[in-house]
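Student: Handing you a structure now.
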Amino acid sequence: MTAAALRLIERLDDRVRAFTETWPTYATARARAVDQAIRRGERLPLAGVPLAVKATEGRTSEQSRRLLSAGCVPVGATAIPGRGTPWQTWGETDRGPTLNPWLPDRSPGGSSAGSAAAVATGMVPLATGSDGAGSVRIPAAWCGVIGLKPTNGRLPARDRAGLNVGGPLARHAQDAAAYLDAVARTDTAARQARRGRRARVTWSATLGFARVEPEVAEVARAALSHLLARTPATLVDVPVRLRDPAPAWSELRASAGRQPRPGVRTLNDEGLAVIFAAADLIATPTTPFPPHGHQGPGERLTPALTWAFNLSGHPAVSLPAGHTPDGEPVGLHLVARHGDEALLLALARATPATTVLPAPTP
């Protein structure tokens, strides 16, 4: 498996630029060590799974260490945005920007840009990301894969503000569940089996404040309808009117771990409690607009629909929803109560796995 992943990276990555470096010597030695552990009778739930690692995570982050303990084999570091830029929805390598596997003239999203592109093109089955405002979910949406932001606190925060949590990018819901069970020591299958009633889902294209392009909302809403037809879930009419989290998110980031003003972190907690008393899930588009070009999003806020849940800590997943008439990938964003990743992943299992995409031509 490790050798196959390294061959795929060598063959495909010059044309998609998902990786900033690869680790063939390390990965081969690690794969041999996993083989030896299995022969000794050790049980490693992710034994031999090739893993792409977000460059800011490296092999020493907490989520990387837990994945290594489960048997994963890291094969390389994936692209992230360059330093000093006002927007983070792209990836940078010494060969040029990371390309969107569907539309090479567009961004793959970010900041887990290379991780999403590596999974979408089938170079690896699983990649790590980190999500402080949508940085797992946005590239998942724009590359047509699954991206999970776990409940804040499942892993140690990646920033002093406590907004940034590690999460996986994968093509299959089962792989995202295996990641979660490995890093958070959960039992997703058991949680799913215990759920007895139909999940109640409320739809909001805007969360009450965002400006969302109509064609993106239409694709995401249609994907939700298809999902509801295939799962034990039902649509309920629960109003969703949150407050725009942009000022609060920015204040928390600027506080660098210092105590923020009262109420900043809990901006939408009361409203979310009311919603989750009547619904089990909130559904939205993942992003308010489709992938932008490599010049950036301009004045638009890519995380408008995602970063409220970094403040509140709720788990959320982006699922492939389809494409606009122009072929632009769209994500369906589902948000659950704290600790209920099992429900998100149960619905994700009903989403067809993303087709492995060929890398774009040069």
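Student: When the accessible area of the stretch 3-92 is computed with all protein chains present and a 1.4 Å probe, what percentage of it is carbon and sulfur?
Tutor: For the stretch 3-92, the apolar C and S fraction of the accessible surface comes to 49 percent.
Student: Over the alpha carbons of the chain, what is the largest minus smallest coordinate on each principal axis, giving the biggest first in Å?
Tutor: 53, 46, 46
Student: State the Kirkwood hydrodynamic radius of the stretch 180-261 in Å, one decimal place, computed from all pairs of distinct Cα atoms.
Tutor: 16.5
Student: Given that compact globular proteins tend to follow 2.2 N^0.38 Å, what is the ratio of the alpha-carbon Rg of the stretch 229-289 to that value?
Tutor: My calculation over the Cα atoms of the stretch 229-289 gives 1.45.
Student: Moving on to the next point. Could you provide, to the nearest whole Å², the per residue accessible area of the stretch 1-103 with probe 1.4 Å?
Tutor: 50
Student: Can you give me the angle between helix 173-184 and the longest principal axis of the chain, using Cα atoms only, in degrees from 0 to 90, rounded to the nearest 10?
Tutor: Approximately 90 degrees, to the nearest ten.
Student: What does the helix-only formula give at 222 nm for the chain: each DSSP H stretch with n ≥ 4 adding -39500 (n - 2.57), the total divided by the residues, and the result rounded to the nearest 500 deg cm²/dmol?
Tutor: Value at 222 nm, helices only: -9500 deg cm²/dmol.
Student: At 1.4 Å probe size, with every protein chain present, just tell me what the per residue accessible area of the stretch 108-236 comes to in Å².
Tutor: On a per-residue basis, 33 Å².
Student: Provide the packing ranking of 85-93, 246-254, i.e. peptides ordered by the mean count of other C-beta atoms within 10 Å per residue, highest first.
Tutor: 85-93, 246-254
Student: Using a 1.4 Å probe on the protein heavy atoms, what percent of the accessible area of the stretch 238-350 belongs to carbon and sulfur?
Tutor: Taking all protein chains in place, the stretch 238-350 shows 52 percent carbon and sulfur surface.
Student: So for the chain: antiparallel DSSP bridges make up what percent, rounded to the nearest 5?
Tutor: 70
Student: If you stretched the chain out fully between Arg211 and Gln36, how much longer would it get, using 0.36 nm times the residue separation minus the C-alpha to C-alpha distance?
Tutor: The span from Arg211 to Gln36 would gain 57.6 nm if fully extended.
Student: Over the stretch 198-326, one equal point on each Cα, no solvent: what is log10 I(q)/I(0) by the Debye formula at q = 0.17, 0.20, 0.22 Å⁻¹?
Tutor: Relative scattering, expressed as log10 I(q)/I(0), comes to -0.96, -1.23, -1.38.
Student: Give me the net charge of Gln174's neighbourhood, meaning all other residues with Cβ under 15 Å from the Cβ of Gln174; Lys, Arg count +1, Asp, Glu -1.
Tutor: Once positives and negatives cancel, what remains is -1.
Student: Ignoring ligands, DNA and RNA, what percent of the 1.4 Å accessible area of the stretch 138-200 is carbon and sulfur?
Tutor: It is 45 percent, rounded to a whole number.
The values are calculated or read from the model by the stated rules, or taken from the named source; none is laboratory data. Here the structure is a predicted model, which is why all the values come from computation and not from measurement. No Cβ is skipped: glycine too gets one built from the backbone with ideal geometry, and neighbour counts run over all protein chains shown. Surface areas here come from the heavy atoms of the whole protein model, side chains and all, with no ligands, DNA or RNA. Shrake-Rupley method; radii C 1.70, N 1.55, O 1.52, S 1.80 Å.
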